[in-house]
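Undergrad: Below you'll find the structure I mean.
The values are calculated or read from the model by the stated rules, or taken from the named source; none is laboratory data. The model shown is predicted, which means the values in this text are computed figures rather than measured ones. Counting neighbours? That spans all protein chains shown, and the Cβs are built from the backbone with ideal geometry, glycine included.
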Amino acid sequence: MEFLRLFFFVRDPTNDWVADGKLTPCFDGDSHTLMSVRLGEPLEKLSMFGPSENSIEAKKGELRYYSRGIIIDFDDGLTNTYIFIWDNCYFEPKFKPFKGKFLLKGKPVPLLPGIRENKVVAAFGEPYWRELCDEEATLYYEFGDIEWQVDFNSRGTLCSVIVTTPPLLADETARERAGCGLPWPPPQPRV
């Protein structure tokens, strides 16, 4: 029944969007923006990406751009999560690696498929917390109401960077599940 409701009665908000064929996606780590759009801003500011490559998921609040290695989550027309994928270890095999720009301190960070955790830490700095689960690591970087979750597979190579609000680790239960005994909020943003 849910499928019929989504198929017939819920509109894909990206149906009328026109893709910019020359677009190179750019995430600015200093402002936490994708194409200058901060989390919490209206989804339509990202219309340059064109229609979502999965209309059913778009109707549920998740824009999937398989060819770009990007997922954009939204709720009530406002962005709340950006996911950049380099290895689809947690995602559908359709996802290609993210080939856009990832800037930090105004300079490109060379994030490529196969990059190892130590290289990411060298570029981003020490995380607020490192969670290890079944030999897969997640690094948490906290910036007030924004959190980066940097995921690595069991081979120790980058899978994805999730930029989200509100921070998962702001929740005490989530911190306990992650084995994090550090105080919240963190003393100061890092990266």
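Undergrad: What's the total number of residues in the range 61-84 that are in contact with a Pro (Cβ under 7 Å, 6 or more places away or on another chain) and assigned to a strand (DSSP E or B)?
TA: If we filter the range 61-84 for residues that are in contact with a Pro (Cβ under 7 Å, 6 or more places away or on another chain), which is where we start, we get 68-70, 77-78.
With the extra rule that they be assigned to a strand (DSSP E or B), the set shrinks to 70, 78.
Number of matching residues: 2.
Undergrad: Please determine, by comparing only the residues of the range 132-148 that are acidic (Asp, Glu) and on the phi < 0 side of the Ramachandran plot, which one is nearest to the chain's Cα centre (by Cα).
TA: Looking only at the range 132-148, we keep the residues that are acidic (Asp, Glu), and these are 134-136, 142, 145, 147.
So of that shortlist, the ones also on the phi < 0 side of the Ramachandran plot come out as 136, 142, 145, 147.
Working: 136: 17, 142: 14, 145: 15, 147: 10 Å.
Ranking the candidates gives 147 first.
Undergrad: May I ask you to list the residues in the range 104-161 that are within 20 Å of residue 91 (Cα to Cα), of a type in the set (Asp, Glu), surrounded by 20 or more Cβ atoms within 10 Å (Cβ to Cβ) and out of contact with any Ser or Thr (no Cβ under 6 Å at 6 or more places or on another chain)?
TA: none
Undergrad: If you check residue 47 against the conditions, is it at pLDDT 95 or above and assigned to a loop (DSSP other than H, G, I, E, B)?
TA: Details: at pLDDT 95 or above: yes; assigned to a loop (DSSP other than H, G, I, E, B): no.
So residue 47 does not fit the description; no.
Undergrad: A further question on this structure: Identify, by number, the condition in (1) crowded, with 17+ Cβ neighbours inside 10 Å; (2) on the phi < 0 side of the Ramachandran plot that residue 96 doesn't meet.
TA: Answer for residue 96: the failing condition is (1).
Undergrad: Just checking, how many residues over the range 162-173 are surrounded by 15 or more Cβ atoms within 10 Å (Cβ to Cβ) and either β-branched (Val, Ile, Thr) or at pLDDT below 95 (or both)?
TA: Start the filter on the range 162-173 by keeping residues that are surrounded by 15 or more Cβ atoms within 10 Å (Cβ to Cβ), which leaves 162-165, 167-170.
Narrowing the set further to residues that are either β-branched (Val, Ile, Thr) or at pLDDT below 95 (or both) leaves 162-165.
Here the count works out to 4.
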